[in-house]
Structure formats: C-alpha cells, structure tokens
1. I want to verify a result. In a Gaussian network model of chain A, Cα cutoff 10 Å, which of these has the top mean-square fluctuation: A:Gln56, A:Gln111, A:Gln127?
2. Does segment B:154-286 come out rounded, prolate or oblate by the C-alpha gyration tensor, with a ≥ b ≥ c the root eigenvalues, rounded set by a/c under 1.5 and, if not, prolate when a/b is larger than b/c and oblate if not?
3. What are the trypsin sites (Lys or Arg not before Pro) within segment A:9-118 that DSSP puts in a loop, where the Cβ has at most 14 other Cβ atoms within 10 Å?
4. How far apart, in nanometres, would the label points at B:Phe260 and B:Phe194 be if each is projected 7 angstrom from Cα along the Cα-to-Cβ direction?
5. Could you give log10 I(q)/I(0) at q = 0.11, 0.12, 0.13, 0.14 Å⁻¹ for the protein assembly as shown, computed by the Debye formula over C-alpha point scatterers of equal weight, without solvent?
6. Fewest Cβ neighbours within 10 Å first, please rank B:Trp75, B:Trp39, B:Trp250 accordingly.
7. Does chain A come out rounded, prolate or oblate, given a ≥ b ≥ c as the square roots of the eigenvalues of its C-alpha gyration tensor, rounded meaning a/c under 1.5 and, failing that, prolate meaning a/b above b/c?
8. Measure up A:Lys123/B:Lys116; A:Lys114/B:Lys15; A:Lys140/B:Lys116; A:Lys140/B:Lys286; B:Lys11/B:Lys116 against 30 Å on the Cα-Cα distance and list the ones that go over.
Amino acid sequence: MQVEKRDDKPGDNGAKDKKNWLEWAVFGISLTLVLALLGYLVYHVFTDNPSSPDLQVEAVADPSELSPFRYHITIYNRGGTTAEEVLVELALEKDGAAIETADLHLPFAPQESKREAWVSFSKDPSQADTLVSRVVSYKKP
Amino acid sequence: MAGSGNDRPLKQSLKEYARGVAGGLLFSFPMLFTMEVWWAGFIAQPLDLLVLVLVTFLLLLGYNRYAGMHPGVSWRSVMVDSFEELGIGLLLSFGVLLMLNRINFQAMGMDEIMGKIIIEAMAVSIGVSVGTAQLGTHEDEETEEQEDESVNRDTKSAMLVLALCGAIIVGGNVAPTEEVLLLAIEATPTHIFFMALVSLLLCIVVVYFSDFRGTIRRGSGSNNGILYNIVFDTCLSYIIALAGSAFMLWFFGRFDGVNFWTVVSQTVTLGVITSLGASAGRLLIK
C-alpha cells in the first residue's frame, strides 16, 4: 500500500518524480503540441461542414521529347471530403466533335488538395480547337 | 521545479528518450509504411481522430500506470509521461512522413497533412511508451519489490490494460490493410468458427504455459482455482482481443454500411492476430 500513500502526496519527492530541465522542456513541448492538437480537432468537430468532393481539372500542354502530344493535368479537390477512384476524361475536339479521348484514373483526391498527372494523345492537339476535360466519376471512400 | 541537487542526471533522461524513439519506430514502422494508413489520414473525420487521440491517451495512461517506465508512481507522473509520449510520437510521425515524402505543404491541404500525422503519431506514441519501458535494463530493482503489493491488488485491471495494448500493437499492423476485409468476405461461417476456435486455443496455450507456471509452482490455490483462473483469463484475453479488433476496424472505416455478419466476421478474422497480441503480446510488454 506504499503506492497509495505516494498517491496522496502528488508533490512527493520520490526519485521517480524528479525531472531535470530536459525533461521539463520535452514535457512542455509535448503538452503544447497535444493541447494544440486537441484544440484543432475540437474546433474542426464543431465547425466542420463536410461538403461533397468538388473537382476541378486544369490541363496545360506540356510536350516532351518522347511524348510530343502530352498534357500536364492538375486535379484540385475544392470540396470538404475525399474522392476515391476518380475518373477524368479528356477529349480533343474540333468543331464540337471529339477527335481523340484519353482517360485518367486517380486512386484518391483528398479534400482541399491537388494531384498531378499527365496524359498523352496520339494525334497532334494542334489539329483540334479545344481540349475538353470532364470528371466522369468518383466514389466516396 | 525540483532542486538542482535532486535532479535526475541528464544522461539518464537522454538514454530514456533514445529508447523511446527507438521503440516508437520499431513498433510503428510497419504502419508508417502502409498506404491504407495514409489514406485513413485524409478519409477520417475530425471526430474519429478526436476519439482516436483520446483512446490512445487512455491506453498510454493505463500502460504507464501498470507497466511503463516507472510503474506504480503517482498519477501525476503517469500523466506527464503520457503527454511526453504523445508529443514525441507527434514529432517522430511528422519527421518520418516528411522524410518519406507523404507530406507536401504545397499540394496537400491542412486536413490531409494533419490526419496523416495524427494517425501515425498514435501508433508511434504507443511504441515510444513500450520501447522506453522495455528496451532498457531494469535499473530500479527496489521499485519492483515495493510494488508487489499494488501489482497483486490490481492484477486483473493491469492485465486488462496490458492485453489491450498488446492487441493494439500486434493487430495494428494488420488492421488497416484491405486483406482483413477480403478474408472476412470470402470466409464461410465454418472458416470464421475455426478462426475463433484457433484464437481461443492460442489464448489458452499462452495463458496456461506462460502465465500460470508460476502460480502452480507457488502452489497458491487448489486445482479448481487454477482452472478458474485459466478460463477467466482466456475469456478476458479473447474479449479484449475482439474489442481491440473491433475498435481498429471501426476506425479504419470497415464497419461503414456493412451488415452485422460482415462486422462479426471481420472482427473475428482480425481477432486471430489480436488474441495473440492480447495473450502473448501482453507478456512481452509487461
């Protein structure tokens, strides 16, 4: 029951309770980190308004030596939740008719984040007048 | 706080932190290198993360109270140790994820980064706690004698906490993977039954051959008492194993929108691993 006795006196000078400056520093930093973390999470729990994923696709021509008809694609998820298995379709169109289409699969597009990818076409994009991008589908993780 | 003359030597605290860091990485590297865990970081809702942090903190409190670096010390000291372990866990998790290029401040949103750090940090901090206590030699022999009474007094609650820690440490590496779901879905009820049976057998074997040899030698209690203890400990180990298994599966979203049978079969499937953690793992980390 010695332990009980020590419990009664939190300020006891038992050898285990003594700390040097390093331990106090580590404790101080840890306490700050953990409290900040809890604050961050609690704030989010109360203010979070989970919206569905909202994807935006940007395509920029990015030819390279080996893939002259390549596009650099950036996918932004502006929504509040993650989208899984994102399928993006890109089409080279001339006068409203598609010359060529390319599909792009992404395993995940997390909320408020961007992902980068490339697609390349077999036909010269200069034959087309526009590049149309469309997010075909994604699912809830 | 304490007078400088009574401080513990700096070298000793450094040694303890080094053990903590080594232990934290030792137990959590499998999770730091698992992609399902990173995914869980951005899929998890803030409330899930909050629950995870609180549960981890409770586990750390329990572990530090019964088996940690200074078992049997005041709750104040146990609190301090637990906060330190969480803090070290957070810093280590951040550092390793940054090194592995899982964190990128330009491309990723704050939620994604924080989610990843928090989930990994919880695994690391349990490892830090176990590592600090287990990787060193026991310098404080006199303490252990002092505690004998209290350890005996709390033996069932100590066992409960240690079994849960063991289950989480051993099962945590497998819980996030999709293999558990796959195994559970493809298993027939017969398979699930045998998994449960094997888990129970593992518990019995471990409990009997490692925990109770001492009891038998000391001759405390009749055969009935030993039988009762074995049955009790086996049941408790398995129930804790299933509870730990269910908590982890729930956290990784494996219970969302599935029927009750799939919940049970997943829990039992992961329970094979966590039951070994709750019985044998418990003995390793105590």
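Bear in mind that the values in this text are calculations on the coordinates, not laboratory data. These numbers were taken from a predicted model, which means no experiment stands behind them. Quick reminder, even Gly has a Cβ in these numbers, built from the backbone with ideal geometry, and neighbours come from all protein chains shown.
1. Highest fluctuation among the options: A:Gln127.
2. Values: a/c = 2.72, a/b = 1.96, b/c = 1.39.
Prolate, because a/c is 1.5 or more and a/b exceeds b/c.
3. On the way: sites: A:Lys16, A:Lys18, A:Lys19, A:Arg70, A:Arg78, A:Lys94, A:Lys114, A:Arg115; in loops: A:Lys18, A:Lys19, A:Arg78.
The qualifying sites are A:Arg78.
4. 2.7
5. Log10 I(q)/I(0), no solvent term: -0.92, -1.03, -1.15, -1.26.
6. Numbers: B:Trp75 12, B:Trp39 22, B:Trp250 17.
Least to most surrounded, the residues fall as B:Trp75, B:Trp250, B:Trp39.
7. Numbers: a/c = 5.14, a/b = 3.26, b/c = 1.58.
Here chain A falls in the prolate category.
8. Working: A:Lys123/B:Lys116 41 Å; A:Lys114/B:Lys15 42 Å; A:Lys140/B:Lys116 18 Å; A:Lys140/B:Lys286 41 Å; B:Lys11/B:Lys116 33 Å.
Table pairs above 30 Å Cα-Cα are A:Lys123/B:Lys116; A:Lys114/B:Lys15; A:Lys140/B:Lys286; B:Lys11/B:Lys116.
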